[in-house]
Amino acid sequence: MRDLDELLPKVMPLAPSCPEPVALRYLRNAAREFCATTKLWREWDTVVLTAPEFQALPTIPDARIIEIEEGRIDGGPKIEPRTVLWLDDHYPGWADETEAGPARFITQIQPNTISVYPRQAGTLKARLVLQPSDTALEIPDFLIEDHGEALGRGAAGRILLLPSTEYTNPQLGAAYVAEWQGILDRWQTKARKGQQGARLRTKGSYL
């Protein structure tokens, strides 16, 4: 993890009159949007589940969970991720059950939490898809090293579109935002294809 302010040189020349706190806020927003779109930030986290909640917060600082991809308790079998709505449909009343049993599913009852069903205590190792929190002061190294220029463009575009400031420049801001959106679109396509380079599958529309 590295300080978010290392990205200031990527945005300040594009919006030179912008106060640093504003620049940092929009850099953070750009990093959050990039991670939510690309799902490139993945980390394994280890938490302890105990009764009666059988729920834990992630330990990774300055991060929020986008998705939980998988988990294992005490080295046991893989626990499949499922949404709360899926569990509601397939296991009505599951959220009120307190009886312990081998966990089969991992979910988020509340944002940025990790829970399992059935309830099982133990040490849970989970692979998480993350984005910076809305108060993050640090972000992953790869965002700075590999995507710093793009994040600077994305932040500058939003900053320059702010109305009634000395650094307002709608024309240039719109150009940066369009460039940023193109970057997000390309990375979203890459994320959908996966790292194997498989062809995209499309769903047919039938009348």
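The values are calculated or read from the model by the stated rules, or taken from the named source; none is laboratory data. Predicted, not measured: the structure shown is a model, and the values here were computed from it. We place every Cβ from the backbone using ideal geometry, glycine too, and count neighbours over all the protein chains shown. Quick note on the areas: whole protein, heavy atoms, side chains included, nothing else; ligands and nucleic acids left out. Shrake-Rupley method; radii C 1.70, N 1.55, O 1.52, S 1.80 Å.
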| said: To the nearest 20 Debye, how big is the dipole of segment 21-107 about its Cα centre, given +1 on the beta carbon of each Lys and Arg and -1 on that of each Asp and Glu? | reply: 540
| task | Scale the Cα Rg of the chain by the rule-of-thumb value 2.2 N^0.38 Å and send over the ratio, two decimals. | result | 1.23
| request: Can you tell me the dipole magnitude for the chain around its Cα centre, using point charges on the Cβ only (Lys, Arg +1; Asp, Glu -1), in Debye to the nearest 20? | output: 900
| field | Contour minus Cα-Cα distance for Thr37 and Ala100 (0.36 nm per residue) | value | 19.1 nm
| remark: In degrees, nearest 10, the alpha-carbon axis of helix 141-160 is tilted away from the dominant principal axis of the alpha carbons of the chain by 60
| task | Give the carbon-plus-sulfur fraction of the accessible surface of the chain in %, rounded to a whole number; probe 1.4 Å, heavy atoms of protein chains only. | result | 50
| task | Exposed loop GluC sites (Glu not before Pro) only (DSSP loop, at most 10 other Cβ atoms within 10 Å): please give the longest stretch of the chain free of them, not including the sites. | result | 1-98
| task | Leaving ligands, DNA and RNA out of it, work out the accessible area of Tyr167 with a 1.4 Å probe and give it in Å² to the nearest 10. | result | 30
| field | Between helix 20-38 and the chain: long-axis angle, C-alpha atoms, 0 to 90°, nearest 10 | value | 50
| query | Roughly how many debye, to the nearest 20, is the charge dipole of segment 130-185 about its Cα centre, given +1 on each Lys and Arg Cβ, -1 on each Asp and Glu Cβ, and no other charges? | reply | 300
| task | Select from segment 25-89 those trypsin sites (Lys or Arg not before Pro) which occupy a DSSP coil region and have at most 15 other Cβ atoms within 10 Å, ordered by residue number. | result | Lys78
| message | In segment 66-207, if the dipole is taken from +1 on Lys/Arg beta carbons and -1 on Asp/Glu beta carbons about the Cα centre, which of Ala191, Leu162, Trp94 is farthest to the positive end? | response | Ala191
